[in-house]
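The values are calculated or read from the model by the stated rules, or taken from the named source; none is laboratory data. Please read these numbers as outputs of a predicted model, since none were measured by experiment. FYI the Cβ positions are ideal-geometry reconstructions off the backbone, even for glycines, and counts take in every protein chain you see.
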Amino acid sequence: MPDLSWLRKLPGRPLVVAEIKQRSPFDGWVNPLRWREQLEICESVANVISVHTNPLWGGSWRHLEAVANTTSLPVLAKGFHDTVFDVQRALDCGADCVLTVGWDGGPLLRHCWFEVESRDQLINADETNWIVLNSRNPRTGEPQKNPALQPSRAIKSVDKLGHHICQASNIRGPGDVVPGMDAILIGEGLYR
């Protein structure tokens with residue numbers, strides 16, 4: 001298990017969103033820890049717990065509900081959540097907020113963290129949204145090829161708009177965190 005003490009010492013004290021993650025569909029990694037063991041690790045370092053609802057990452061609605069009923073921390077439902085129905089279902093399962101990819105959550109946007117997929121989405125996002133900047137494409141697992149969406153560059157655009165900004169993916173240590181982030185979402189880096 002890696003030393004995670006660096007998470008409590010980050011400059012600017014961003015929120016730490018720690019992810020319960022069963023597996024990665026991109027590189028074949030499988031977490032040897034059960035979700036309750038993962039939850040203990042997450043609760044020791046996090047302000048928010050992230051739980052996958054997508055089966056590709058080993059997630060489920062049942063899993064989300066179990067974690068939400070177990071922890072006292074806020075819970076972020078992580079997945080694509082492409083419809084209002086998906087967002088409402090996550091909220092009904094106990095999520096406090098819901099990650100959406102490629103759309104802002106529509107009428108439920110006040111509950112959503114919006115992972116943008118284009119520069120237009122980044123620039124035009126509602127000011128109430130949390131913006132998630134992912135260093136990899138969540139649909140393919142490949143590194144983010146659009147320079148406007150790479151966290152180190154995108155923060156300069158988004159910061160001027162007054163959004164809360166969360167950096168996601170490929171965070172394994174303090175050197176991976178882009179200065180100025182309001183939150184970081186760390187998954188496999190908790191366990192590898």
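Do we find a residue being touching a residue at least 24 places away in the same chain (Cβ under 8 Å), surrounded by fewer than 13 Cβ atoms within 10 Å (Cβ to Cβ) and of a type in the set (Asp, Glu) anywhere in segment 13-28?
For segment 13-28, residues touching a residue at least 24 places away in the same chain (Cβ under 8 Å), surrounded by fewer than 13 Cβ atoms within 10 Å (Cβ to Cβ) and of a type in the set (Asp, Glu): present.
Filter segment 11-44 for residues that are in a helix (DSSP H, G or I) and of a type in the set (Val, Ile, Thr) and give the result.
Once the filter is applied, which keeps residues that are in a helix (DSSP H, G or I) and of a type in the set (Val, Ile, Thr), segment 11-44 yields only Ile41.
Quick one: what pairs do we get from segment 62-74, first residue touching a residue at least 40 places away in the same chain (Cβ under 8 Å), second not in a helix (DSSP H, G or I) and not aliphatic (A, V, I, L, M), C-beta under 7 Å, 6+ apart or different chains?
Filtered contacts from segment 62-74: no entries.
Kindly evaluate Leu73 against the criterion of being assigned to a helix (DSSP H, G or I), within 20 Å of Ile184 (Cα to Cα), among the aliphatic types (A, V, I, L, M) and within 16 Å of the chain's Cα centre (by Cα).
Here the answer is no, as Leu73 does not meet what is asked.
Can you pull out every residue in segment 29-40 that is under 28 Å from His164 (Cα atoms) and surrounded by fewer than 19 Cβ atoms within 10 Å (Cβ to Cβ)?
Residues of segment 29-40 under 28 Å from His164 (Cα atoms): 38-40.
Matches in segment 29-40: Glu40 only.
Within segment 22-50, take every residue that is of a type in the set (Val, Ile, Thr) and under 17 Å from the mean Cα position of the chain (by Cα) and give me the one that is nearest to Leu64 (Cα to Cα).
Checking each candidate, the answer is Ile49.
Quick check: is even one residue across segment 45-59 under 21 Å from Asn129 (Cβ atoms), in contact with a Phe, Trp or Tyr (Cβ under 7 Å, 6 or more places away or on another chain) and outside any strand (DSSP E or B)?
Checked against the condition, which is being under 21 Å from Asn129 (Cβ atoms), in contact with a Phe, Trp or Tyr (Cβ under 7 Å, 6 or more places away or on another chain) and outside any strand (DSSP E or B), segment 45-59 yields at least one hit.
Only one residue in Ala68, Ala77 is modelled with pLDDT of 95 or more and closer than 23 Å to Pro25 by Cβ, so which one is that?
Ala77
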